[in-house]
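Student: I'd like to ask you about the structure that follows.
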Amino acid sequence: MSDTSSPIGIVSTVRSDPARLSEAGSAGSARIAVDARRAAQLALAALWLLDGLLQFQPFMFTKDFAAMTLAPVAGGNPTWISGPVGWVAGITQNHPVSVNTAFAVVQVALGVGIAWRPTVKPALLASVVWSAGVWWLGEGLGGLFAGAADPLSGAPGAVLLYALLALLLWPGDRSAPFPAAGRVGPRAARAVWTVLWGLLAVLAVLPANRDAGTVQDIVTGTDDGAPSWFVALENHAGNVTANRGLEFSVALAVLLALVAESVWLPWARAVKAGLVLAFGLAAVIWVFGEGFGMPFEGMATDPNTGPLLALLAFAFWPARRASAATPAGSDGRADRAEHAEHADSDDTEGDAS
């Protein structure tokens, strides 16, 4: 009889009993998935806190914030967008201190609420509501209806990604194959991923974004107030992309489309390769297209979409199985089991974080 009171006895018992092996593997995978989801929630909280701190910059408390940041969003949009945006910009310009203080406090509160476990659910819900309002009234729906939205410069809007992440990272107790599937399920989560990255691919080849000088203009337009090393980097990138807007926009669209479809592939390693490509594209967009969110002049309201796209990719990274539950001599079966778990869409839902 094995001694189940010792660690060796427990492992021996688990390995000799297939039912216990399956149960231990599921429990281990669930724990890892929940931990990864919590890590993603904390990263989202940190980004909200960063947004709140950026909103406390001196420039934000002046009338120029409304005139230079909010009002231009209305340009090119239909009246049902430009009208409300102009109304909010007018209120902010007339009461810059009180309105901006409210903006900053709300964003800090969202970050603290998501970081503190007892308030994570109401904070995530509040962040969705806040994001929806800001996306319409502060970002003009990301310029989607203005005809010139470009993923290289931040379309469809950072705040939309905040809302999507809040929904995908909602607490749940299922043995999720990846953190974003914890509540909505794998198929729904993958559908959201495909729609988002597919939209980015379509936006990349809009007529305005295929012009010869568009990519160069975006790349060289993010270095205002930047240190000399970054100016040199952007100038070099501008020279490389000069008069090649069509080639670069099409290449970007192809890569974005590959990322959009990668989460449906039947091989775990191929899925991970697609997510690595997503990380790479997020980095390229953030550095060369968004200039790290252009923080150099004290006018940035958020880090833009690059970090959020990277966080989204992290939320889709397949959960690894617990090593204690993997029998010796499995000879690669763990990778196949990981993919089987990645493809399972029938997990039960719960309420734990």
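Quick note: the coordinates plus some simple rules give every number you see, no bench work behind them. Values in this document were obtained by computation on a predicted structure and should not be read as measured data. FYI the Cβ positions are ideal-geometry reconstructions off the backbone, even for glycines, and counts take in every protein chain you see.
Student: Within the range 42-59, which residues are touching a residue at least 60 places away in the same chain (Cβ under 8 Å), under 23 Å from Val128 (Cα atoms) and either acidic (Asp, Glu) or touching a Phe, Trp or Tyr at 6+ places or on another chain (Cβ under 9 Å) (or both)?
Tutor: Going through the range 42-59, the residues touching a residue at least 60 places away in the same chain (Cβ under 8 Å) turn out to be 42-51, 54-55, 57-59.
In the following step, the residues that additionally are under 23 Å from Val128 (Cα atoms) were identified as 42-51, 54-55.
Residues satisfying the conditions are Ala43, Leu44, Ala45, Leu47, Trp48, Asp51, Gln55.
Student: Go through the range 161-177 residue by residue and tally those that are surrounded by 22 or more Cβ atoms within 10 Å (Cβ to Cβ) and touching a helix residue (DSSP H, G or I) at 6+ places or on another chain (Cβ under 7 Å).
Tutor: Number satisfying all stated conditions: 9.
Student: Only residues in the range 66-81 that are touching a residue at least 40 places away in the same chain (Cβ under 8 Å) count as the first member; pair them with residues that are part of a loop (DSSP other than H, G, I, E, B) and surrounded by 12 or more Cβ atoms within 10 Å (Cβ to Cβ), Cβ under 6 angstrom, at least 6 apart or cross-chain, and list the lot.
Tutor: Gly76/Ala146; Asn77/Phe145; Asn77/Ala146; Pro78/Phe145
Student: Filter the range 197-221 down to the residues that are surrounded by fewer than 20 Cβ atoms within 10 Å (Cβ to Cβ) and closer than 18 Å to Leu311 by Cβ and list them by number.
Tutor: Of everything in the range 197-221, just one residue is surrounded by fewer than 20 Cβ atoms within 10 Å (Cβ to Cβ) and closer than 18 Å to Leu311 by Cβ, namely Leu199.
Student: Continuing with the same structure: Failed condition for Asp224, given (1) in a helix (DSSP H, G or I); (2) surrounded by fewer than 16 Cβ atoms within 10 Å (Cβ to Cβ), with all others met?
Tutor: Among (1) in a helix (DSSP H, G or I); (2) surrounded by fewer than 16 Cβ atoms within 10 Å (Cβ to Cβ), the lone unmet condition for Asp224 is (1).
Student: Let me ask you something else. Being free of Cβ contacts under 8 Å to residues at least 60 places away in the same chain, within 24 Å of Ala166 (Cβ to Cβ) and either of a type outside the set (Ser, Thr, Tyr) or exposed (fewer than 14 other Cβ atoms within 10 Å of the Cβ) (or both) is the filter here; which residues of the range 88-112 pass it?
Tutor: Val88, Val99, Asn100, Ala102, Phe103, Ala104, Val105, Val106, Gln107, Ala109
Student: Look through Gly154, Gly147, Gly185 and report the one residue that is crowded, with 23+ Cβ neighbours inside 10 Å, at positive phi and of a type outside the set (Val, Ile, Thr).
Tutor: Values: Gly147 fails: crowded, with 23+ Cβ neighbours inside 10 Å; Gly185 fails: crowded, with 23+ Cβ neighbours inside 10 Å.
Just a single option satisfies the conditions, and that option is Gly154.
Student: Here is a further query. Going residue by residue through the range 260-277, is there one that turns out to be in contact (Cβ under 8 Å) with a residue 40 or more places away in the chain, within 17 Å of the chain's Cα centre (by Cα), under 21 Å from Ala188 (Cα atoms) and outside any helix (DSSP H, G or I)?
Tutor: yes
Student: Continuing with this model, one more query. Could you pull out the residue among Ala191, Ala148, Ala201, Ala176 that is farther than 16 Å from Leu281 by Cα and under 18 Å from the mean Cα position of the chain (by Cα)?
Tutor: Ala191
Student: State which residue is surrounded by the fewest Cβ atoms within 10 Å (Cβ to Cβ) when the search covers only the range 227-258 and only residues that are touching a residue at least 12 places away in the same chain (Cβ under 8 Å) and aromatic (Phe, Trp, Tyr).
Tutor: Once the filter is applied, the top-ranked residue is Phe230.
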